[in-house]
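Report on the following structure.
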Amino acid sequence: MNLIEAKKIKKSFGRLEVLKGISLQVSEGQVVSIIGPSGSGKSTLLRCLTQLETADQGEITVCGEKMMWTESGRAVYANKNTLHNIILNVGLVFQNFNLFPHFSVLENLIDAPIRIRGISREEATQRARKLLRKMDLASKENSYPCELSGGQQQRVAIARALAMQPRILFFDEPTSALDPELTGEILKVIRELAQEHMTMVIVTHEMAFARDVADHVIFMADGVIIEEGTPQQVFENTQNARTQAFLSRFSQNS
Amino acid sequence: MIFDKITGMMPVLLDGTVDVIKIFFWTVILSVPLGFLVALGRNLRLGFRIGRFDVRPISWIVQIYQLIMRGTPLMLQLMFIMYAPYYLWHVSMNRFTATIFAFAINYAAYFGEIFRSGIDSIPRGQYEAAKMLGYTKTQTFFRIILPQVVKRVIPPTGSEFMVLIKDSALANVIGQPQLFDSAKKLMSSSSSILPLVIAGVIFLILNAVVEYAFKLCEKKLNYYKG
């Protein structure tokens, strides 16, 4: 089953057309990485899929529920309830973590499950502790975000998203705000999630990681999908000049 | 016998002090929530567009109100509120009510700006993270944003509270009894500078208490940064 089905999404900021008709599908258990140069529209695409931006045109279906579609050239969004239900199926890990600074690590993980999902405090706490152990943060449950390293904060952010038990998890450049020596711990966590068949869409600049972890790679530039396919197709056998140029620039830099 | 002199003056000065405290509490109780509404009103995007121009009536009304309150002397506002109803409709307000009314709407304009800067300083990412976890807008505001705003606005709000204690002296202009008024009267009846000095010390003590209370609040919210 496809958890995400997006057709011909268009999005402009003023006169700048950022997405020029992007289509993609993500099936259950699949790991999709989206790569491409800065300004190619990767993050905007992710933000349209997660309701943080409103698309101008196209059609998006999430977990079988229609989120938006186009009527006579204009985007129409589903009603508030549907959009809320859709959001509960979706988790997002941000580049800048965006943890709630006034909550302890544990509170960051249990507040939404208790308040939004209506789970009992005991159960939420139990689940949160399990997630923290998995993230290797069991000793940090009473710490505040400001007391943690960037890598630890990002692992809390991943745990916070997982605590809501989403069916699909999005990552918006999860390692871009981290020191190079801290990216490894985040990539390891995402790899583990991939092994558990968590459905994930990952926007990243970590090429080696994108190749290893993904089942499907999308290369975007200037608001369009230039090429997509298995990691082998995109990274090793690409026939596309644009992809080749991008990948060779990356291998020179690293 | 300066000590006897002081004890003789104290009952009158303490009466004035009680008036200052009354003015202070009533103004705070009214102007803080009002300031909160002012901040929200000024930020309200409600309105419509004419061409490239955004028309936001509520935000504009709030801004005009703030311009008047912050752009004219509080002393003038006190007199206006006390005497304008009489000149216009031959009705007059009780002095204390007029004082509180003037102080409350004046301070709300300043609190509005303090709270607005606090609200605007919370990063967008906090709203986005809350949205992705399924918080509604109201839940986001009260559960995620407001606690962080409170922490950020405590220092400037404390300053404003201290100014308010001192501004009580302005109520003199409409004959509202308070500490400064008591000191002035005692000064002329006793031909001594002493009442003024004692009043100054009392103002200082009141504000030291306010400052200390705010320090405690700050300390209490110091368990996190950001």
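Read-outs: derived from the displayed coordinates by stated rules, not from any lab. This one's a predicted model, so the numbers in the text were calculated from it and none came from an experiment. Backbone-built Cβ (ideal geometry, glycine too); neighbour counts: all protein chains shown.
A few comments on the model shown:
- Mean Cβ count within 10 Å, highest first, over the residues of peptides A:96-108, B:27-39: A:96-108, B:27-39
- Under 5 Å from the amide H of residue A:170 lie the amide H atoms of A:91, A:92, A:93, A:201, each residue being 5 or more positions distant or on a separate chain, with H modelled from the backbone and absent for Pro and chain starts.
- Rounded to the nearest 20 debye, the dipole size of region A:6-69 about its Cα centre is 240 debye, using +1 on the Cβ of Lys and Arg and -1 on the Cβ of Asp and Glu.
- Cα-based helix-to-principal-axis angle, A:150-163 vs chain A, degrees rounded to 10: 90
- Taking A:39, A:14, A:184 as the candidate residues, the one with maximal mean-square fluctuation in a Gaussian network model of chain A, Cα springs under 10 Å, is A:14.
- Average beta carbon contacts from partner chains per residue of B:134-143, 10 Å cutoff: 3
- Whole-number percent relative contact order across region A:101-176, with pairs defined as alpha carbons under 8 Å at least 6 apart: 41
- Longest site-free stretch - chain B; sites: trypsin sites (Lys or Arg not before Pro), DSSP loop, at most 13 other Cβ within 10 Å: B:53-224
- Rounded FRET efficiency, nearest 0.05, which uses the C-beta distance separating residue A:250 from residue B:219 and R0 of 51 Å: 0.55
- Per-residue average of Cβ from other chains inside 10 Å of A:102-113: 3
- Environment charge at residue A:42 (Cβ cut-off 11 Å; Lys +1, Arg +1, Asp -1, Glu -1): -1
- Residue-by-residue Karplus 3J(HN,Hα) for region B:25-40, coefficients 6.51, -1.76, 1.60, Hz, glycine and proline x: 5, 4, 5, 5, 4, 8, 7, 5, x, 5, x, 4, 5, 4, 4, 5
- Nearest 10 degrees, 0 to 90: helix B:194-220 Cα axis against chain B principal axis: 30
- If you plug the beta carbon distance of residue A:195 and residue B:60 into 1/(1 + (r/R0)^6) with R0 = 51 Å, you get a FRET efficiency near 0.35.
- Rounded to the nearest 20, the size of the Cβ-charge dipole of the protein assembly as shown about its Cα centre is 920 debye, with Lys and Arg at +1 and Asp and Glu at -1.
- Spin-label model distance (nm) - residue B:45 vs residue B:193, 7 Å beyond Cα toward Cβ: 6.0
- Mean separation of Cα contacts under 8 Å (6+ apart) over length of chain B, as relative contact order %: 27
- Alpha-carbon centroids, region A:231-253 and region A:1-45: separation in whole Å: 20
- Helix B:74-89 vs. chain B, principal-axis angle (Cα, 0 to 90°, nearest 10): 90
- Counting, for every residue in B:116-129, the Cβ atoms of other protein chains within 10 Å of its Cβ and taking the mean gives 3.
- Pair-distance distribution P(r) for region A:2-252, from all Cα-Cα distances in 5 Å bins starting at 0: 1, 6, 13, 17, 18, 17, 13, 9, 5, 2, 0, 0 percent.
- When every Cα-Cα distance of region B:2-220 is counted in 10 angstrom steps from zero, the calculated P(r) takes the values 8, 26, 29, 21, 11, 5, 1, 0 percent.
- Alpha-carbon centroid distance for the pair region B:1-47 / region B:64-110, whole angstrom: 15
- Full-stretch length increase - residue A:167, residue A:233 - with 0.36 nm per residue and alpha-carbon distance subtracted: 21.0 nm
- Whichever lysines have a C-alpha closer than 20 Å to that of residue A:134, once near sequence neighbours (fewer than 8 apart) are set aside: A:188
- Under the simplified labelling scheme, the residue A:208-residue A:25 pair shows an inter-label distance of 3.4 nm, with each label point 7 Å from Cα along Cα→Cβ.
- Put the Cα centre of region A:166-217 next to the Cα centre of region B:115-192 and the gap is 45 Å.
- Applying 1/(1 + (r/R0)^6) with r as the Cβ-Cβ distance of residue A:15 and residue A:146 and R0 = 45 angstrom yields a FRET efficiency of 0.65.
- For region A:2-252: relative contact order, % (alpha-carbon pairs under 8 angstrom, 6 or more apart): 26
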